[in-house]
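In what follows, a structure is listed as structure tokens, so that the remarks can point back to it.
The values are calculated or read from the model by the stated rules, or taken from the named source; none is laboratory data. All values derive from a computational prediction rather than experimental measurement. So basically every Cβ, Gly included, is an ideal-geometry build from the backbone, and we count neighbours across all protein chains shown.
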Amino acid sequence: MSSPPVAHHRTLAPSTAVNSLLQADFECVNYLLIISTQADTTVRMTLALEGLQYHRRAPAAEPEGPIDADVVVYGATSGGVTAAVRAARSGLRVVLLAFDDRVGGMTASGLGETDVGDARTIGGLARAFYAEVAAAYHAPDPHWKVEAHVAEEIFLRWLADAGVVLRRRRHLLDVTKTGNRITELRTDDGSSYRAQVYVDASYEGDLLAAAGVSYTVGRESSATYGESIAGVQHSINHQFERPVDPYVVPGQPSSGLLPGISAEPYGAVGSGDRHVQAYNFRLHVTNGSDRIPFPRPEGYDASRYELLRRYLEAGIYELYGRTTRVHGRVFDMNNHGAFSSDHIGAGDEWPEAGYARREEIFQDHVRYQAGLLYYLSTSADLPAEVRAATQAFGLAPGEFRQTSHWPHQLYVREGRRMLAEHVVTEHEATGRIVAPDPIAVASYVMDSHNARRVLVDGNPRNEGNVQVPLARPFGISFRSIVPRISECANLLVAAAVSASHVAFASVRMEPVFMTVGEAAGCAASLAASARIAVQDVEYDVLRRDLTGSGGIVGWPRGEAA
């Protein structure tokens, strides 16, 4: 399998007896507390997770190309869709290259509970999307919760109506540049695409890396940008609440650490490293009678969950996951608690890895998360109450039918992040800096998941979780979505934007990616039409075009300062 090129880059807890089953539903949020008196039941796990791959080869066919277009968008994420639609609505020839068979990124891959922040900051195509979700459900407008198939149906209709040429299973191989301009993009099926302007809408930033644009991976130190919550941080949320023996043979350090615990030192608070926040899959689950029992994945290893078993034994019957109602009896299952679906420390290689290595990481995440649910629902080492509480849910049969009802997209919460002339930092989130050229607004808390699980005083501790509210919504600078002109004059970035790890933790929300993608598509159309560098797009013209179609480009609403 071919690898995306990375040339020309810089990296800057009572006893196990439990009394009652409680499934609390507050504002449609079900917290699966592991407390139950339900009788143990036998669950037959027969489902194999077939068809679930990260890298799927294009069907055997003649390679196409070179295909000429005005704009080529790489990555059919939610921001990739809005970039392509916005550029195509300007009358341009637009090609959207999807990495797999689906479009919509995480919005159409299980992330049904939208991280909204301040709803007044969401405008343009993003706001229109959630209005269409409301219409699909005959619900009040806007409606922020969406099933994957509903999201994808909207995105596909938009693309078709706009005349976007969609190509599936197109994986970046390399690019050709003349001077500071990309002249051709090639995919690993042998196809090639030429355009005036390119948009990198991948979560990983693969195209920007291939184009020789500077980027970073991981966590800056506090000293890098003067950020108080950068780098290594003490985690309060999603943390162990009681001591747990971390060794394979309890009390014997020489026996080694349990799976999931790193031997790496905790390090100094504020120090930087190359760790990324944890990834997981956002499942669509149901408590209906048609639920599909959580499957036993190939390579299942119960020893991976011994730390969780001991934590339960210590008396912490906490949340192993959080399920939020999306529609009817379909729920979005996400990480929650000290030991949950986040595969902490397992995604560090992903941003710069080639496709073959990413496939290995992807499958390891499948085994870990599917194995966790299988373990909780079947293991005789756990209280019957735990198994019953888990068995109350299963995979939703109406979703992800091509991939055994498991989401096709790994939740890559951060990959590469471009290093442009402007880097969005904590100082925008605290209101100390206001960008004079905003093209979108972030309003969700700085929400970064744990990055490591290490030992502190002989006990496991999760590290890296940051959940800090903003002082106010903040504008995302146009200069943070365009590279330095010396590096590339015809590329815009819709996901892997120029931001610190801390600030990206707010920027990374799906509605923000949609608004950033729309801005990238608008800027691409202006640059392609005038045959100018993307850096030379006049901000006032861009701002007028975005606000004229309902975009929110600054805060207070519509203001740049």
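Within the option set 413, 417, being under 28 Å from residue 332 (Cα atoms), surrounded by 24 or more Cβ atoms within 10 Å (Cβ to Cβ) and either small (Gly, Ala, Ser) or at pLDDT 95 or above (or both) holds for one residue only, 417. The residues in segment 424-443 that are of a type in the set (A, V, I, L, M, F, W, C) and crowded, with 24+ Cβ neighbours inside 10 Å can be counted, and the count is 6.
When residue 233 is tested against (1) at pLDDT below 95; (2) surrounded by fewer than 19 Cβ atoms within 10 Å (Cβ to Cβ), only condition (2) is not met. Exactly one residue out of 207, 159 is outside any loop (DSSP other than H, G, I, E, B) and closer than 17 Å to residue 354 by Cα, and it is 207.
The numbered conditions (1) closer than 20 Å to residue 463 by Cβ; (2) out of contact with any Leu (no Cβ under 8 Å at 6 or more places or on another chain) are all true for residue 260 except (2).
Just one of the listed residues (223, 268) is at pLDDT 95 or above, over 18 Å from residue 452 (Cβ atoms) and loosely packed, with under 14 Cβ neighbours inside 10 Å, and it is 223. Pairs meeting the criteria (first residue in segment 440-451 and under 18 Å from residue 345 (Cβ atoms), second residue of a type in the set (Val, Ile, Thr) and part of a loop (DSSP other than H, G, I, E, B), beta carbons under 9 Å, at least 6 apart or on different chains) are 448/229; 449/344; 450/344; 451/232; 451/276; 451/344. Considering segment 57-104, and only residues there that are closer than 13 Å to residue 495 by Cβ and hydrophobic (A, V, I, L, M, F, W, C), the residue that is surrounded by the fewest Cβ atoms within 10 Å (Cβ to Cβ) turns out to be 99. In this structure, is residue 389 touching a helix residue (DSSP H, G or I) at 6+ places or on another chain (Cβ under 9 Å) and farther than 22 Å from residue 299 by Cβ? In short, yes.
There is at least one residue in segment 377-394 that is touching a Pro at 6+ places or on another chain (Cβ under 8 Å), within 25 Å of residue 346 (Cα to Cα) and part of a helix (DSSP H, G or I).
Of all the numbered requirements in (1) over 20 Å from the mean Cα position of the chain (by Cα); (2) closer than 21 Å to residue 208 by Cβ; (3) not in a helix (DSSP H, G or I), residue 63 misses one, and that requirement is (2).
Looking only at residues of segment 105-142 that are touching a Phe, Trp or Tyr at 6+ places or on another chain (Cβ under 7 Å) and among the hydroxyl-bearing types (Ser, Thr, Tyr), we find that the one that is surrounded by the fewest Cβ atoms within 10 Å (Cβ to Cβ) is 130.
Filtered by the rule that a residue be over 19 Å from residue 343 (Cα atoms) and among the acidic types (Asp, Glu), segment 242-264 gives a lone residue, 245. For segment 222-248, the tally of residues that are in a loop (DSSP other than H, G, I, E, B) and closer than 21 Å to residue 467 by Cβ stands at 15. For segment 464-477, the criterion of being more than 24 Å from the chain's Cα centre (by Cα) and either of a type in the set (S, T, N, Q) or buried (at least 17 other Cβ atoms within 10 Å of the Cβ) (or both) is satisfied by no residue at all.
The requirement of being over 26 Å from residue 544 (Cα atoms) and in a helix (DSSP H, G or I) is satisfied by residue 505. For segment 302-311, the criterion of being part of a loop (DSSP other than H, G, I, E, B) and buried (at least 20 other Cβ atoms within 10 Å of the Cβ) is met by none of the residues. Which residues, counting only those in segment 543-559, are in contact with a strand residue (DSSP E or B) (Cβ under 7 Å, 6 or more places away or on another chain) and assigned to a helix (DSSP H, G or I)? Matches in segment 543-559: 546 only.
Scanning segment 306-320 for residues that are touching a Phe, Trp or Tyr at 6+ places or on another chain (Cβ under 9 Å), farther than 19 Å from residue 258 by Cα and not charged (D, E, K, R) gives a single hit, 319.
Scan segment 249-263 and give yes if some residue there is at pLDDT below 95, among the hydrophobic types (A, V, I, L, M, F, W, C) and part of a loop (DSSP other than H, G, I, E, B), otherwise no. No, that holds for no residue.
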